[in-house]
Amino acid sequence: MKNLKKILTLVFGVIMILAGVMHFINPAVYLPFFPNQWPQEAIIYGSGIVEMVVGICTLIPRYSKYGTLGIFILMLAFLPLHVIDVFKENPVVGSKLVAYIRLPFQFVLIAWAWFIFKKE
């Protein structure tokens, strides 16, 4: 079980770092998630930085617990975006089917983050 937790932690940390990098490589992908009145670029780049930081923390044993807690909080914070997306006529994540699949996947990510946080 200890090795499984280490693998899940490593994988999630890498995923978060890569997800954060994507905010800088292709920020336009994230624009439709936020109303035009919001500071879209600040949110996109800021959340990208946060994703990279929690991902890196997750990979450093001394800070791993903080990193995994940060991932858990981020996944909860992103949940409303995915709920709203399901009800849009043209979901940001693609088709309605993709939006319906993406929403339960967010709960998987939340559970995954909580599992590795609680196993610290």
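General observations
- Number of residues in the stretch 91-114 that are within 15 Å of the chain's Cα centre (by Cα) and more than 15 Å from residue 81 (Cβ to Cβ) equals 5.
- Sole exception among (1) more than 16 Å from the chain's Cα centre (by Cα); (2) outside any helix (DSSP H, G or I) for residue 63, by number: (2)
- Here residue 21 meets the list (1) touching a residue at least 40 places away in the same chain (Cβ under 8 Å); (2) in a helix (DSSP H, G or I) almost entirely, failing just condition (1).
- Against the conditions (1) crowded, with 18+ Cβ neighbours inside 10 Å; (2) at pLDDT 95 or above; (3) under 23 Å from residue 6 (Cβ atoms); (4) among the hydrophobic types (A, V, I, L, M, F, W, C), residue 50 satisfies every one except (3).
- Condition check for residue 86: out of contact with any Gly (no Cβ under 6 Å at 6 or more places or on another chain), modelled with pLDDT of 95 or more and either basic (Lys, Arg) or surrounded by 13 or more Cβ atoms within 10 Å (Cβ to Cβ) (or both): no
The values are calculated or read from the model by the stated rules, or taken from the named source; none is laboratory data. In this text the structure is predicted, and so the values were computed from the model without any measurement. For neighbour counting, all protein chains shown are included, and Cβ atoms are generated from backbone atoms with ideal geometry for every residue, glycine included.
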